[in-house]
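Have a look at the structure below before the remarks.
The values are calculated or read from the model by the stated rules, or taken from the named source; none is laboratory data. Bear in mind that the values here come from a model prediction, so they are computed numbers and not experimental data. Note that each Cβ is placed from the backbone with ideal geometry, even for glycine, and that neighbours are counted across all protein chains shown.
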Amino acid sequence: MQACKTRNKVVSNAIRIEIRNDIDVIPEVDAPIYLNREYLTAFQESLEGKSNLLFPVIYRGDEIVAYGSMQEIRIDYASIHSFGRLFSSDKTILICLEGMLKSFVSSLNNKKGVKLLVLGNTQVSGPYGMWFKEELNETERALFWEALVQKIEHSDLSPDILIVKDLDKLHSITKKTLVTNKFKEISALPIMNMEIPNAWKTTEDYYEAFSSKYRIRAHSARKKFDGIVRRELTIEDLVACKEEIGFLYRNVYTRARFRLFQVQDSYFIALKKCLKEKFKVFGYYKNDVLIGFNSILICQNTCEAHLIGLNYEFNKTNSLYLNMLYDLVEEAILANCSCLDFGRTAMEIKSTVGAVPSEADVFLKFTNPLLNNLASFILKKNTPEKWLQRHPFKENNN
């Protein structure tokens, strides 16, 4: 194994934390797909020097009891404006504060900018910052989280901003621990998930479960899809249409309200190379021209809807995005999955195909105490956009 830079500190007589930049440290365990070595290898390869992945590992004695993934992002005067809107609310005071923050970062032109350290995955929504051994209870996990963030703060990593991303309802003690350590909770949009009932053996079973209103809606959307050809892309296809896929992805990325990190065009090729049949990309063609794509990761009985790309000229006329959502549900059924994770954004339209919201909290801390206190004031005024939850199935319709 190639030697790598290691930062060590004994947290107690029994626990030791290392933060490594060597992916080989990650054990072969039954972890969620976004925390397994295959995915993280592909992600790391696709970064192309635009960012940096680090891997915290927690030992109890000689045994690895927890590990995670975190991403270093450098925010400078050029990149701060590519983030889009920093707050989910359009209140006047927040628009003014946003301008002040961007001006402050821009003033660091002759310096190194701001270092952001994200514990979690910048490309997906969900609790993918840390994996823990099953026998660890919630109190132990919270203590490990606390030890890790304190390790980071006292290491030579020196982040200006530390983010812990997407802690769900199973992390209630960890959330309280982070608040005690002066982290601020960010009002985040929910993650949209969909359970796939065992009774759905075919895609016809899915559409039959709709109320008449939503079955008619699905039929209408499918009729608009006439003339669109959908096919799974091989790794050779991904290489051949790399630029087109990158263009379509950026079409969607640049429309997002907040944009933390843009993947490189090589990302999709790297994932297909490392994950093989666990990662599928589907291209949508009209008159032999690629007008969109979606992607999905399949791991055991769970499907994860991943990044998409659209030519918006065809979205209204062909209901491109809505049909992509139906296709993702059909793919999950065919893969015998019990759950489909749609991620954040576009909550209402995702609810029309059967997704329901699940809360996942984000926590932020500035290492500068003054800025951290200011963050408390700002975040209290930052409330997510309102949206209407739809209920498309027969037993509960609106």
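The set of residues in the stretch 253-268 being farther than 16 Å from K50 by Cβ and touching a helix residue (DSSP H, G or I) at 6+ places or on another chain (Cβ under 9 Å) consists of T254, R255, F258. Considering the stretch 364-391, the residues that are hydrophobic (A, V, I, L, M, F, W, C), over 26 Å from M70 (Cα atoms) and at pLDDT 85 or above include one that is surrounded by the fewest Cβ atoms within 10 Å (Cβ to Cβ), namely L388. Scanning the stretch 329-372 for residues that are touching a strand residue (DSSP E or B) at 6+ places or on another chain (Cβ under 9 Å) and among the charged types (D, E, K, R) gives E331, D341, R344, K350, E359, D361, K365.
Of the residues L334, L322, which single one is surrounded by fewer than 20 Cβ atoms within 10 Å (Cβ to Cβ), at pLDDT 90 or above and farther than 28 Å from L170 by Cβ?
Values: L322 fails: surrounded by fewer than 20 Cβ atoms within 10 Å (Cβ to Cβ).
Answer to the selection: L334.
Do the conditions hold for E72, that is, is it modelled with pLDDT of 60 or more and touching a Pro at 6+ places or on another chain (Cβ under 8 Å)? Here the answer is yes, as E72 does meet what is asked. Residues that are in contact with a Leu (Cβ under 9 Å, 6 or more places away or on another chain) and either at pLDDT below 95 or part of a loop (DSSP other than H, G, I, E, B) (or both) within the stretch 55-69 comprise just one, S69. Residues that are in contact with a Leu (Cβ under 7 Å, 6 or more places away or on another chain), part of a strand (DSSP E or B), at pLDDT 90 or above and aromatic (F, W, Y) do occur in the stretch 113-136, at least one of them. Is there a residue in the stretch 277-291 that is part of a helix (DSSP H, G or I), in the same structural domain as Y206 (by TED's automatic domain parsing) and within 19 Å of the chain's Cα centre (by Cα)? Yes, that holds for at least one residue. Selection of the stretch 232-266 for residues being aromatic (F, W, Y), at pLDDT below 90 and surrounded by 15 or more Cβ atoms within 10 Å (Cβ to Cβ) yields Y253, F261.
Residues that are buried (at least 19 other Cβ atoms within 10 Å of the Cβ) and in contact with a Lys or Arg (Cβ under 6 Å, 6 or more places away or on another chain) within the stretch 267-282 comprise just one, F279.
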